[in-house]
1. Among the residues of the range 187-215, write down those that are part of a helix (DSSP H, G or I) and of a type in the set (D, E, K, R).
2. Just to be sure, is I27 assigned to a strand (DSSP E or B), in contact with a strand residue (DSSP E or B) (Cβ under 7 Å, 6 or more places away or on another chain) and not small (G, A, S)?
3. Which one is surrounded by the fewest Cβ atoms within 10 Å (Cβ to Cβ) among residues in the range 87-104 that are over 20 Å from F38 (Cβ atoms) and of a type outside the set (G, A, S)?
4. Which condition does H109 not pass, out of (1) surrounded by fewer than 24 Cβ atoms within 10 Å (Cβ to Cβ); (2) outside any helix (DSSP H, G or I); (3) out of contact with any strand residue (DSSP E or B) (no Cβ under 8 Å at 6 or more places or on another chain), if it passes all the others?
5. When you look at A232, is it buried (at least 24 other Cβ atoms within 10 Å of the Cβ), among the small types (G, A, S) and more than 20 Å from R191 (Cβ to Cβ), yes or no?
6. Of the conditions (1) under 17 Å from the mean Cα position of the chain (by Cα); (2) closer than 22 Å to K114 by Cα, V233 fails just one. Which one is it?
7. Out of all the residues in the range 151-170, which are assigned to a helix (DSSP H, G or I) and either farther than 19 Å from P196 by Cα or in contact with a Ser or Thr (Cβ under 7 Å, 6 or more places away or on another chain) (or both)?
8. I'm told T115 meets every condition in (1) buried (at least 21 other Cβ atoms within 10 Å of the Cβ); (2) β-branched (V, I, T); (3) at pLDDT 95 or above except one. Can you identify the failing condition by its number?
Amino acid sequence: MKPITIIKNRSDIGAGTRGSDLGVDAIEIAAINQQNPFFNEHPHIDVPTHNETIYNKNFLKTEHRIGFVLEQCQRVCDAVSTVLRDDKFPLILSGDHSSAFGSLAGIQHAQPSKTLGVIWIDAHADLHSPLSSPSGNVHGMPLAAALGFNNETLAVNEVNEKTHQLWDELKKVGGDQAKVAPEHLIFFGVRDTEEPEDKVMEQNNIKNYPVHEIRHRGLSLCVAEALEKLSAVDSIYISFDVDSLDCDLISKGTGTPVSKGFDIDEVVAIIQQIIASQKVIGLEVTEVNPLLDNKGNRMAEAAFEVIQRLFQKK
């Protein structure tokens, strides 16, 4: 694997609950408490944020701070693109999941002629748009933006012209075309969705490997099958949302915890097998929220354990 550059994106403006902006530092604290020098061994980029906008209550239900998320995604896009053009591996540590679109945009900007596959390890599908979202929280929308979807036929909200304009601008960050095709998107662990997302998955034949299927059929078999589905792509981006982990087993230190998820060993094994394909171009770890952790700093410790096991020196 290429040398790592860590991108620290402490933004939480796309979430419905504050606190994931502290997740990056919580992961670093987990490393410090273990006397692990990981964060001293790799260069890093600090991405400026718009977290002060949480005090601005003048936003619509269907587009919570989407204009600021747009700016944040552009910043993340620039950082990821810079790292890739320096021939380094971006390890992106993010607050909330909305800025994952910026990571995908950065990959497209750095390699516009190549085909990207996406592995999304998450309890949620993140396939909403402002039209279909029941909450308006943009951390539930990055994949719809990446796919170039508006979800018009699934609309449950009336959206004003300004929101439509911001959504269109967001989709074009990094390049005008969609960041990923539906056939090149694969979910692992998704188990908490709304009806519009289920319909998007069904209509576009987007594959999800739920936890029970992986345990029944075998983890290595399911991952091998996923890699075969992505055999035509040039590179693979992995996004690991910590709410894919079992909140009862690990902790509730994330904005939207869901029971019956993966354990740490399973997540590590999934990502290791994908990395072994030699197509992985970047990895994102996101949605650690230490303010919600019912077991101290346990979720950040779990996230760092995954990182440390993936990138430990041989």
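The values are calculated or read from the model by the stated rules, or taken from the named source; none is laboratory data. Everything numeric here is computed off the predicted structure, so don't read it as measured data. All Cβ positions, even for glycine, are placed from backbone atoms using ideal geometry, and neighbour counts span all protein chains on display.
1. Matches in the range 187-215: E195, E197, D198, K199, E202, E213, R215.
2. no
3. Ranking the qualifying residues of the range 87-104, first place goes to D87.
4. (2)
5. No; evaluated as a whole, the condition is false for this residue.
6. With (1) under 17 Å from the mean Cα position of the chain (by Cα); (2) closer than 22 Å to K114 by Cα applied to V233, the lone miss is (1).
7. From the range 151-170, those assigned to a helix (DSSP H, G or I) are 152-154, 161-170; that's our starting set.
Residues satisfying the conditions are L154, E161, K162, T163, Q165, L166, W167, D168, E169, L170.
8. (1)
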